[in-house]
1. Residue under question is GLU269, and the condition is that it be in the same structural domain as ALA189 (by TED's automatic domain parsing) and in contact with a helix residue (DSSP H, G or I) (Cβ under 9 Å, 6 or more places away or on another chain); does it hold?
2. Restricting to the stretch 54-84, name every residue that is open to solvent by 10 Å² or more (accessible area, probe 1.4 Å) and either more than 24 Å from the chain's Cα centre (by Cα) or among the hydrophobic types (A, V, I, L, M, F, W, C) (or both).
3. Conditions: (1) out of contact with any Cys (no Cβ under 6 Å at 6 or more places or on another chain); (2) assigned to a helix (DSSP H, G or I). LEU127 meets all but one. Number of the miss?
4. Residue check: is LEU306 farther than 21 Å from ALA215 by Cβ, part of a loop (DSSP other than H, G, I, E, B) and touching a Cys at 6+ places or on another chain (Cβ under 6 Å)?
5. Looking at the stretch 298-331 only, could you name the residues that are among the polar types (S, T, N, Q) and away from ligand 1 (no atom under 11 Å from the Cβ)?
6. Of the numbered conditions (1) without any contact (Cβ under 8 Å) to a residue 60 or more places away in the chain; (2) away from ligand 2 (no atom under 16 Å from the Cβ), LYS216 fails exactly one; give the number of that condition.
7. Just a yes or no: is a residue in the stretch 342-351 more than 10 Å from ligand 1 (Cβ to nearest atom), at pLDDT 95 or above and β-branched (Val, Ile, Thr)?
8. How many residues, within the stretch 269-292, are more than 16 Å from ligand 2 (Cβ to nearest atom) and either part of a helix (DSSP H, G or I) or open to solvent by 10 Å² or more (accessible area, probe 1.4 Å) (or both)?
Amino acid sequence: MEKVIIIRYAEIHLKGKNRGYFERVFTVNLERAMRGLRHELQRTSGRYLLAGFDEARAEEICLRVSRVFGVHSYSLGYRVPNDLDSVYEAAKLVCPDRGSFKVVTHRADKKYPMTSMELSAHIGGRLLSGAPALRVDVHAPEHTVYLDFRENGTALVFGTFEHGAGGMPVGTSGKGLLLISGGIDSPVAGYMMAKRGMNVELLHFHSYPYTNDGAKEKVKELARILSRYSLSARLTTLNVAHIQEQIHAVCAAELNVTLLRRFMYRLAEILARETGAKCLLTGESLGQVASQTIEGITSSDAVVTLPVLRPLIGFDKDEIIALAKKIGTYETSVLPYEDCCTVFLPEYPAIKPKLSFIEEEEKKLDVEALVKEALSTKEVVEL
Ligand code: ATP
Ligand code: MG
């Protein structure tokens, strides 16, 4: 008897002629998630089987599988020879000894001498006689024992279906560049785009010496957490302190944030083109703060030609926080730190800045020189 994990994939089956491509990427991602752990990954009809692993580490392996996008569900179970005694021994292990249960059998091996119904009845009967506190309930059982008779003389036996991360294999939806702050929202935004199959690269702006190393460390930690979900483990940082100083010195105070955002977008677009990213990603949510009104968003979009995707645009803060907790970034995001945006935060930021006013104020700056200087501060951290 051998412990195995049965992995079913999510939307890949929808992709028609591209199915082979989606499966190849999915396989690579599963292999990558298993890196450093002994295992064998096998394709069987319509699903994957993970075997040959150290059974003491089954829980860790399940956790890793649960984070791979494209996994619809997975089950930890047993692979046994398909004789009735072996199947029964495994069924005993996955079926609790009290409560209601039923047995569901799938028979891929159509030559097997018993039908699915007969197999369910046989194994169910033996489980019943072995455990007096069990009873059968075929309509709403507390436990279900699944038997899957394969064509190669083996049977898979399992008792649970765990939800996978869903979504599509990372790498099947091109590449995007995430503007990641140390806040709650942008890490969640990155997770959501990776979930839709996007390769997500990370860019962070800091304001050294106004912000300290703590802020950068925090973003690195967020990037580390996100890399579990196949987001890039490479973080690019740029210093924008000189830009903030200039804006602060010569422009209308209420436009500080708006003008800084426009620089961030410009810089992000330049780096996106360098790395082959086809869009920018942000954690903005409509109306959440002054710079995230439709006017604010319009003024940022006006300086770039790449599309800017904002997966959280229609989310409430509560919903974003719930997701941040689920993916494990929340605890890090709420650690206190100075974001570069808070350093020169005006008392009353403009809520509906007019593009003509913004452009007028921006003329007071040497945009090109400021951009160039920021690019010269580029650092790349491999996590
Ligand atoms: P977050 O929780 O992601 O920081 P927020 O609600 O604090 O978002 P803002 O600070 O207005 O909102 O930032 C809006 C978006 O701009 C962020 O989601 C992020 O994508 C980007 N952004 C803001 N600050 C930075 C930064 N220092 N480096 C990179 N991107 C940033
Ligand atoms: Mg923020």
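The values are calculated or read from the model by the stated rules, or taken from the named source; none is laboratory data. Model, not experiment: these values are computed from the prediction. FYI the Cβ positions are ideal-geometry reconstructions off the backbone, even for glycines, and counts take in every protein chain you see. The accessibility values were calculated without ligands, DNA or RNA, using every heavy atom of the protein model including side chains. Shrake-Rupley method; radii C 1.70, N 1.55, O 1.52, S 1.80 Å.
1. Taking the combined requirement at face value, the residue does not satisfy it.
2. ASP54, GLU55, ALA56, CYS62, LEU63, LEU76, TYR78, ARG79, PRO81, ASN82, ASP83, LEU84 - these are the residues of the stretch 54-84 that are open to solvent by 10 Å² or more (accessible area, probe 1.4 Å) and either more than 24 Å from the chain's Cα centre (by Cα) or among the hydrophobic types (A, V, I, L, M, F, W, C) (or both).
3. (1)
4. Yes: the conditions hold for LEU306.
5. Residues satisfying the conditions are THR298, SER299, THR305.
6. With (1) without any contact (Cβ under 8 Å) to a residue 60 or more places away in the chain; (2) away from ligand 2 (no atom under 16 Å from the Cβ) applied to LYS216, the lone miss is (2).
7. no
8. Residues flagged as more than 16 Å from ligand 2 (Cβ to nearest atom) and either part of a helix (DSSP H, G or I) or open to solvent by 10 Å² or more (accessible area, probe 1.4 Å) (or both) within the stretch 269-292 amount to 9.
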